[in-house]
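The values are calculated or read from the model by the stated rules, or taken from the named source; none is laboratory data. For clarity, every value in this text was computed on a predicted model and none was experimentally measured. FYI the Cβ positions are ideal-geometry reconstructions off the backbone, even for glycines, and counts take in every protein chain you see. Just so you know, the surface numbers come from the protein's heavy atoms only, side chains and all, with ligands and any DNA or RNA stripped out. Shrake-Rupley method; radii C 1.70, N 1.55, O 1.52, S 1.80 Å.
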Amino acid sequence: MAKSLKYFGITVMFLLLMLIYSSKWAIAGPLLLSTEGYASGQLSRVSRDINVTRAYVGEISLGHESMTFISLGNQPPNLVSNPWQFCFEKDRYEELENLIGSDVVLEFKTPKNNSLLSCSSVNELVEVYPVIQNQPMEQKHLIGSIYTMDREIAHGVEFGRITNLIKNRSTNRNYFMTIQVGTAGSKFRHFFIDDHDLYDFAVAALKNAAIVKVHYSDRLAFFTTFYGFGSRSIVSEVEVVD
């Protein structure tokens, strides 16, 4: 009898852990509708969205000399694409038209303002400015923290340019990063970031279009996450390459 109760207790504990873990991702998933972030690349197109009078759509080609989007790693589906689209209102058209062909950094957010709800992109432009390459950075290397208890199955280093950073604006801190592998081309890799300071450092590197080394740890989830991932590549440190 005691042995049966012991196994029953273990089973109940296992089910409770599974419920807690699953609930965390079930809550976090929908809240990704409220995000802010950055994208970097060549501004390639601006045009009026035919679906709504006041909305305009822009596109950038992420990174440097990229065309299609070959993805490696994992992230919530449809979070990043190439070309990367955004929405803006008519009064910003001239500003953006003057930047066509330039390498730019875009600050964006979701959800969009009501006037842009019919726009085909989910991202609303907040600010845009040209990339200032080779601008000195006071700090060139930051080692961050990984907070997950999931088991490490591999680790490595990837070389490239940070093109996207996304922060979940909810109380559940989720940070996502995409890099263009190498110095050009259409191969991109996706990562998760646990550490807020590491996210801020990655933002500084993105704004400078810096080439970086991304150190990461592949973690195997004890349970499949809300997004269907059995594993995640989590950034442990970012190092700017001179």
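Are any residues in region 116-164 closer than 18 Å to Leu43 by Cβ, in contact with a helix residue (DSSP H, G or I) (Cβ under 9 Å, 6 or more places away or on another chain) and part of a strand (DSSP E or B), and if so, which ones?
Applying the first criterion (closer than 18 Å to Leu43 by Cβ) to region 116-164 yields 119-121, 123-133, 161-164.
Restricting the remaining residues to those that are in contact with a helix residue (DSSP H, G or I) (Cβ under 9 Å, 6 or more places away or on another chain) gives 124-125, 128-129, 131-132, 161-164.
Hits for region 116-164 are Glu124, Leu125, Val128, Tyr129, Arg161, Ile162, Thr163, Asn164.
Please go through region 74-98 and give me each residue that is assigned to a strand (DSSP E or B) and surrounded by fewer than 17 Cβ atoms within 10 Å (Cβ to Cβ), ordered by number.
Let us first name the residues in region 74-98 that are assigned to a strand (DSSP E or B), namely 84-89.
Passing the criteria: only Glu89.
I'd like the residue in region 77-122 that is of a type in the set (Asp, Glu) and touching a residue at least 12 places away in the same chain (Cβ under 8 Å) and, out of all such residues, is farthest from Ile162 (Cα to Cα).
Of region 77-122, the ones of a type in the set (Asp, Glu) are 89, 91, 94-95, 97, 103, 107.
In the following step, the residues that additionally are touching a residue at least 12 places away in the same chain (Cβ under 8 Å) were identified as 89, 95, 97, 103, 107.
On the way: Glu89: 27, Glu95: 25, Glu97: 24, Asp103: 13, Glu107: 14 Å.
Applying the filter and picking the extreme gives Glu89.
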I need the full set of residues from region 99-124 which are among the hydrophobic types (A, V, I, L, M, F, W, C) and surrounded by 15 or more Cβ atoms within 10 Å (Cβ to Cβ), in order please.
Leu99, Val104, Val105, Leu106, Phe108, Leu116, Cys119, Val122
On the basis of being within 23 Å of Gly41 (Cβ to Cβ), open to solvent by 40 Å² or more (accessible area, probe 1.4 Å) and at pLDDT 90 or above, does Phe201 make the cut?
no
Would you mind finding the one in Glu59, Glu127 that is touching a strand residue (DSSP E or B) at 6+ places or on another chain (Cβ under 6 Å) and open to solvent by 50 Å² or more (accessible area, probe 1.4 Å)?
Glu127
Residue satisfying condition, being over 20 Å from Gly37 (Cα atoms) and at pLDDT 90 or above, within set Lys167, Lys187, Lys207:
Lys187
